[in-house]
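To start, the structure under review is shown below, and the notes come after it.
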Amino acid sequence: MAASEHDSAGAPSGAPARPPLPGGRFAPGTSLTAHVVKIGLLGLFTALGVWAVLPLYLAGHWLGLAVAAGVVALVYHVYLSKRTVPAKYLLPGVLFLVAFQILPVLYTMSTSVTNMSDGHRVDKQQAIASIESLSVTRTPDAEEYTLTVATAGDPETGALVFLLTDPEGRTYTGDEEGLDPLPTATVNASGRITGAFGYTVLTPAQVNARSAELEEFAVPTGDGAGIRSSGLSTAFEGTAVRSYDASCDCVTDSETGTVYTADDERGAFYGPEGDRLPQGWKVNVGFDNFARFLFDPTFASSFFGILVWNIAFAVAVTGLVFVVGLAVAMALHVPRMRGKALYRILVVLPYAMSSLAMYLLWRDMFNTDFGLINRMLGLQIDWFGDAWSARAAVILANVWLGYPYMFLVATGALQAVPRELSQAAQIDGAGRWQAFRHVTLPLLMVAMSPILVATFAFNFNNFNAVWLLTRGGPLSSENSTAGATDLLITYTYRLAFNEATAQYGYAAALSVMIFVIVSLISVVSLRRSKALMEVDR
Amino acid sequence: MTAYTVDPAATRYRRTAATRFALWAARLGWRHAFMWVVAAFAVFPVLFVVSAALNPLGTLSSARLWPTGASADNALDLFGNTPFTTWYANSLFFALANAAVTVLLSALAAYAFSRMRFRGRRVGLVGLLVIQMFPQFLAIVALYLMFSSIGEYRPELGFDTRWGLLLVYLGGALSINTWLMKGFFDTVPKELDESAQMDGATHAQVFFRIMLPLVTPVLAIVGLLVFINTVNEFLLASVFLRDTDAKTLGLGLYQLVASQRNANFGMFSVGAIMLSLPTLMVFWFLQRYITEGLTSGAVKG
């Protein structure tokens, strides 16, 4: 790789000197077809960009617009400039990497220091608006509107919007943030809005499907008033029973007289008896989430219990897979063995099956009543009901799936070790085992250790391995959130997506802790690996 | 075993049958015995799933290790009573699209890393290794929150759509695969692209006309690995695809046995085999490389 030092090879010596471009020796000429393709792709990209930012523009989301415009400008700069040759090749992948890998990691970190969860997803202003508008009740002189339910997004999931016509025929849009005039709507004879730019009008069936949501939806109109629907085609403006007072930072319920005071540390309004209003807001809680996992007795015991099992699981699977794979490779590492090719196909078979389907298969084979294993052995063991049998079952299934890969790698590594070496050792008086242990194995480990580190890292976060078999269970009676076979990643997943109330803040804090643990492991292993040396080639 | 006559002097050196068996057992016999055990361990779940797929009753409790009958009932059930074809099409869409685009993006980046020298190259290469330690799914909470707001603005990219999840998968396009490719690109002699440039080729022409045809093996391997990983991906897909018709085959199978574990097992088995087919085909392609590696070392004893 000596030629890598100089980038001047493109021009014949003595050619007129051109100022060197980054990316080196490449001639900046372009053919006509290339030009056409380039213009076409840039045009397509611009169209996609406009398509993507249109809703941001409609929603007045200026920061998002600026970012999108910046990305488009960057792409134009890179592909139209002649000085950015390496960037032309790196940019597409890097854009995806930044948007969907690096940003999410940073966002995870920022979420991990908040109390974000169901009931704490919005900011305080939105929470107050929602509290007030939900308590709106009809007053005798309430103003009536003709209502059309619409959405700016998907008819089934997009946020609801009220398209309203008042008795004088003026048209408005109302969403969770408030009421805005809507000058350009299509209105039918009865005064009902039938269409408006940027909104999809929901059909009665679609509205019906979302009636529960509609029930809770209200448009705040200021001063504790709001607009709610009554039926599918009318809405009324009423006053809120609960109103927010900025001077005491509290919400007063005019019917019961209860005063709920804002607690900016917990992100909700609390009444005198410690009861709280369900609509809370997202607040920064600092390192509380982390502290809970590390110091709170119940959570710390499940966290550290899971961490220990997580490490034990990864070590056990990596170790067993290595031992079995190497043993099979050694058994087949002999000249002239009949049936070698057949054996090889058979033992590699588990690796060639879809691992996702095979996990589900193993889960059913361990089934207590109908499972193959109990039936073949004549047992009645509830494999996934007991902590230790569940752990053994999880490890067994993962060894089955994992050893063929190790076998393939070990076979390759064994062939790189000259047989003469161990033969020479045996001639010198070493036993078979000694020759293997002190001559062959150390040479094997040189090639195998990076693979072992990678296998460990993979199994450390092997979500499928546990979730598809046991879902992290069995859960014990005293701790219903952490199961006996839970890995940190399955625990995270359950906190965020599989509990009655989603706890994003805690789950994000767990993710960050996994990041830290993985970093520690990888710093140690990267130090030892030679991979970094290759950078300079 | 007896019929031939031999020089009486030589019989002294002939081993008895027992000795020969002992020698065989010490040299090869144990290997065969061991391999029988391992092969049995390796094969029995696969045998079970095949026999369950053919089992006419289609329940878990009636499935035997050895096929008790052959019927296509389970397959017909699966095709007729579940959105199997939609699930399969979804799985193939994600796997093929992700594999194709990942190979392209990775190859572009690997070409830059292998053939060009620029500021930030070292940082970029080390950065790729470091990012590799943090699999995308660890940021699942953030991805979920991000896409719930993206879905509000652009439902076409939100949950239950193909494009949203594909975008997320593509975030992992530059990875250790780029390293693998870069290593392979490095083995292509520089003289080739240099001479092409002498003849007036641009960098794009060198990449598409000279480099890509020379590195097809590594493109194929990376593509196949990405394909397999995408087919088997569960975590992100389960968060992004909730709607029955949006599910991939893996999610569909999970749902199938989650609700009716005993009764649906026959259908599940058919689906499991169908899901494994692409992977098995991949192995059929890779087999050549594996065997080559094995035989080249085995020629000499």
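The values are calculated or read from the model by the stated rules, or taken from the named source; none is laboratory data. Note that the structure is a prediction, hence the values are computed from the model and not measured. Virtual Cβ from ideal backbone geometry, glycine too; neighbours counted across all protein chains shown. Accessible surface is based on the protein model in full, side chains and every heavy atom, while ligands, DNA and RNA are left aside. Shrake-Rupley method; radii C 1.70, N 1.55, O 1.52, S 1.80 Å.
This table checks each residue for (1) without any contact (Cβ under 8 Å) to a residue 24 or more places away in the chain; (2) among the hydrophobic types (A, V, I, L, M, F, W, C); (3) crowded, with 18+ Cβ neighbours inside 10 Å; (4) in a strand (DSSP E or B).
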site	(1), (2), (3), (4)
A:Phe100	yes, yes, yes, no
A:Met109	no, yes, no, no
A:Ser117	no, no, yes, no
A:Gln126	no, no, no, no
A:Ser130	no, no, yes, no
A:Pro140	yes, no, no, no
A:Thr148	no, no, yes, yes
A:Phe162	no, yes, yes, yes
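Let's see how each residue does on (1) in contact with an Asp or Glu (Cβ under 9 Å, 6 or more places away or on another chain); (2) modelled with pLDDT under 90:
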{"residue": "B:Ala53", "(1), (2)": "no, yes"}
{"residue": "B:Leu57", "(1), (2)": "yes, yes"}
{"residue": "B:Leu96", "(1), (2)": "no, no"}
{"residue": "B:Leu128", "(1), (2)": "no, yes"}
{"residue": "B:Leu145", "(1), (2)": "no, yes"}
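Check A:Gly158, A:Gly178, A:Gly153, A:Gly169 and return the single one that is more than 27 Å from A:Val122 (Cβ to Cβ) and of a type in the set (Gly, Ala, Ser).
Being more than 27 Å from A:Val122 (Cβ to Cβ) and of a type in the set (Gly, Ala, Ser) holds for just one of A:Gly158, A:Gly178, A:Gly153, A:Gly169, which is A:Gly169.
More than 14 Å from chain B (Cβ to nearest Cβ), open to solvent by less than 20 Å² (accessible area, probe 1.4 Å) and either more than 30 Å from B:Ala33 (Cβ to Cβ) or not in a loop (DSSP other than H, G, I, E, B) (or both): which single residue out of A:Phe290, A:Phe313, A:Phe322 fits that description?
Every option except A:Phe313 fails the conditions.
Let's see how each residue does on (1) of a type outside the set (Gly, Ala, Ser); (2) open to solvent by less than 30 Å² (accessible area, probe 1.4 Å); (3) more than 30 Å from A:Leu41 (Cβ to Cβ); (4) assigned by TED's automatic domain parsing to the domain that holds A:Gly198:
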residue	(1), (2), (3), (4)
A:Leu74	yes, no, no, no
A:Thr84	yes, yes, no, no
A:Leu95	yes, no, no, no
A:Gly158	no, yes, yes, yes
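Can you go through B:Glu292, B:Glu233 and tell me which one is open to solvent by 20 Å² or more (accessible area, probe 1.4 Å), among the acidic types (Asp, Glu) and modelled with pLDDT under 80?
B:Glu292
With respect to A:Leu48, determine if the residue is open to solvent by 40 Å² or more (accessible area, probe 1.4 Å), under 30 Å from the mean Cα position of the chain (by Cα) and without any contact (Cβ under 8 Å) to a residue 40 or more places away in the chain.
Judged against the criteria, A:Leu48 is a match.
Give me a count of the residues in the range B:134-173 that are among the charged types (D, E, K, R) and either in contact with a Lys or Arg (Cβ under 8 Å, 6 or more places away or on another chain) or at the interface with another protein chain (Cβ under 7 Å from one of its Cβ atoms) (or both).
3
Is it true that A:Glu168 is open to solvent by 50 Å² or more (accessible area, probe 1.4 Å) and under 38 Å from the mean Cα position of the chain (by Cα)?
Answer is no for this residue.
Does A:Leu379 meet the test of being within 13 Å of chain B (Cβ to nearest Cβ) and not small (Gly, Ala, Ser)?
No.
Tell me yes or no: at least one residue of the range A:387-407 is among the polar types (S, T, N, Q), crowded, with 18+ Cβ neighbours inside 10 Å and either within 11 Å of chain B (Cβ to nearest Cβ) or assigned to a helix (DSSP H, G or I) (or both).
Within the range A:387-407 (the criterion being among the polar types (S, T, N, Q), crowded, with 18+ Cβ neighbours inside 10 Å and either within 11 Å of chain B (Cβ to nearest Cβ) or assigned to a helix (DSSP H, G or I) (or both)), the answer is yes, since at least one residue qualifies.
For A:Gly267, indicate whether it is touching a residue at least 24 places away in the same chain (Cβ under 8 Å) and on the phi > 0 side of the Ramachandran plot.
On the way: touching a residue at least 24 places away in the same chain (Cβ under 8 Å): yes; on the phi > 0 side of the Ramachandran plot: yes.
In short, yes.
With respect to the numbered conditions (1) assigned to a helix (DSSP H, G or I); (2) at pLDDT 80 or above; (3) closer than 23 Å to B:Asp160 by Cα, which one is the sole condition not fulfilled by B:Ala258?
Among (1) assigned to a helix (DSSP H, G or I); (2) at pLDDT 80 or above; (3) closer than 23 Å to B:Asp160 by Cα, B:Ala258 violates only (2).
Take the range B:221-269 and flag every residue that is more than 11 Å from every other protein chain (Cβ to nearest Cβ), over 24 Å from the mean Cα position of the chain (by Cα) and without any contact (Cβ under 8 Å) to a residue 60 or more places away in the chain.
B:Ser259, B:Gln260, listed by residue number.
Filter the range A:173-182 down to residues that are part of a strand (DSSP E or B) and open to solvent by less than 40 Å² (accessible area, probe 1.4 Å), then give me how many there are. Give the derivation first.
Residues of the range A:173-182 that are part of a strand (DSSP E or B), as a first pass: A:173-175, A:178-181.
Filter once more, so that each one left must be open to solvent by less than 40 Å² (accessible area, probe 1.4 Å): A:173-174, A:178.
Residues in the range A:173-182 being part of a strand (DSSP E or B) and open to solvent by less than 40 Å² (accessible area, probe 1.4 Å): 3 in total.
Among the residues of the range A:202-221, write down those that are open to solvent by 40 Å² or more (accessible area, probe 1.4 Å) and more than 15 Å from A:Leu147 (Cβ to Cβ).
Matches in the range A:202-221: A:Ala205, A:Ala209, A:Ala212, A:Glu216.
So if I check each of B:Asn81, B:Asn74, which one is more than 24 Å from the chain's Cα centre (by Cα), at pLDDT 80 or above and open to solvent by less than 10 Å² (accessible area, probe 1.4 Å)?
B:Asn74
Scan B:Ala42, B:Ala33 and give me the residue that is surrounded by fewer than 16 Cβ atoms within 10 Å (Cβ to Cβ), in a helix (DSSP H, G or I) and within 10 Å of chain A (Cβ to nearest Cβ).
Values: B:Ala42 fails: surrounded by fewer than 16 Cβ atoms within 10 Å (Cβ to Cβ).
Result of the check over B:Ala42, B:Ala33: B:Ala33.
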